Amino acid sequence: MSEEKENKTQKNSFKELERMQLEQYKKNTEKIGGRVKGSLGTIGLISDIIELYFSRIVDVFINLSSSSAEQNVAEEVEEEE
Amino acid sequence: MSDEEVVQEYLKTQNVAYFDVLYKRYSGKIFGKCISLLKDEEDAEDSVQEIFMKILLNLSKFSGKSRFSTWIYSITYNYCIDRIRRKKKDPSTLVEDMSNHDVPEDVNDVFLLEMEIGRLKVVLDEIPTKDKSILLMKYQDEMSIKEIGEMLEKSESAVKMKIKRAKQKFKKTYEEIYKEPA
C-alpha cells in the first residue's frame, strides 16, 4: 500500500509514455471513431427493425400454430362423424 | 459525470452521445495499449474498433464492482493477448514460463518509473507480451494487485510474483540492450 502511494507522488515514465502516445495517435483514434459510429448506426438500425417486426413475427407464428390446431380439431370432428 | 454515471445513462437512454463520451475518454488509451502489445498500427486500429464493439455489446454486464477503467482495460488486454495467440506472433502468450522457478531479485520501482521514455519504449517492445502487459497494468493503469488478480484470475501472491519476474526480465533486457548495469 505504501509502495502504491509512493508511486503516485514520483515521476512515472509509463504515464508519460501514455500521454505521448495519446498525442501521437490522435488521428488514428479520430479515424476509428468514425468507423465505430458507423457500426453503432448499423446495430441501432438492426435493433429498431427487430423491435418493430419482432412482435408481428411472434403474432404470425401464434396465428399459424393456432390455425393449424383448429384445423386438426376440425379434421378429428369430421372423422368422428 | 463519472464513467459509471455515463454508462448508466447510456443504458437507460441508448443515446449514442453517452457512448461517444466514453469513446473520447478511452479510445486514445486503448489505442496506446493495442499498439504497445500488437506493434502494428493497422492491427491496432482494427482491434480498437472491435474492442469498442465488445464494450458496447457487453455494457449491460458491467456490474460496477470494479472501476469502469479496469473493466475496459481487462477487455483490451484479453483481446490483444488473444489476437497475438491466434496469430502466434509471440509463443510466450501460449504457455506459462516454467523454466524459472527461482525467487527473482527485487528491482526498485524507481528504475522503471524514472527511465527515459525512449529507452522505456525500446525495452517494453523487447520483453514478452505477458511481462509487458502486467507492467502496463501496474505502472500505467495503476491497477491494484487485487484488481490485477481478479482480472487474471490469480491469487494476490501469484500476481506479486509475476510482477517481480516481469521487472527482473525488464532489467535484464535493459542491460542487454544498453550494456550498462541498471
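Please treat every number below as a calculation from the coordinates, not as lab data. These numbers were taken from a predicted model, which means no experiment stands behind them. Every residue, glycine among them, receives a Cβ derived from its backbone with ideal geometry; neighbour counts consider all protein chains shown.
Electrostatic bookkeeping for B:Lys29 treats Lys and Arg as +1 and Asp and Glu as -1; over the other residues with beta carbon under 9 Å from its beta carbon, the sum is 0. Here the 3J(HN,Hα) profile of region A:44-49, calculated from phi with Karplus coefficients 6.51, -1.76 and 1.60 at θ = phi - 60°, is x, 5, 4, 5, 5, 4 Hz, Gly and Pro shown as x. Measuring how big region B:135-182 is from its alpha-carbon positions, Rg and Dmax come out at 12.6, 37 Å. Take every Cα pair under 8 Å whose residues are at least 6 apart in sequence, average their separation, divide by the length of chain B, and the relative contact order is 18 percent. Using equal-weight Cα scatterers in the Debye expression, the normalised intensity of region B:95-178 in log10 at q = 0.17, 0.19, 0.25, 0.26 Å⁻¹ is -0.68, -0.85, -1.43, -1.51. Length available on full extension from A:Arg19 to A:Leu52: 0.36 nm per residue minus the Cα-Cα distance, which gives 7.4 nm. Residue by residue along A:27-34, Cβ atoms of other protein chains within 10 Å of the local Cβ number 6 on average.
For region A:11-80, what percent of Cα pairs sit more than 17 Å apart? So the pairs more than 17 Å apart make up 71 percent of the total in region A:11-80. With θ taken as phi - 60° and the Karplus curve 6.51 cos²θ - 1.76 cosθ + 1.60 applied, the whole-hertz 3J(HN,Hα) list for region B:166-176 is 5, 5, 5, 5, 4, 5, 4, 5, 4, 5, 5 Hz, x standing for glycine and proline.
The ratio of the alpha-carbon radius of gyration of the protein assembly as shown to the globular-protein estimate 2.2 N^0.38 Å is 1.38.
Computed over chain B, the range of Cα coordinates on each principal axis works out to 56, 35, 31 Å, biggest value leading. Identify, among B:Leu135, B:Val16, B:Ile145, the residue whose Cα sits farthest towards the positive end of the charge dipole of chain B, taking +1 on the Cβ of Lys and Arg and -1 on the Cβ of Asp and Glu, with the dipole about the Cα centre. Most positive-ward Cα: B:Ile145.
Mean sequence separation of contacting Cα pairs (under 8 Å, at least six apart), scaled by the length of region B:95-178, corresponds to a relative contact order of 40 percent. Computed about its Cα centre, the charge dipole of region B:22-172 is approximately 300 debye, with only Lys, Arg, Asp and Glu carrying charge at their Cβ.
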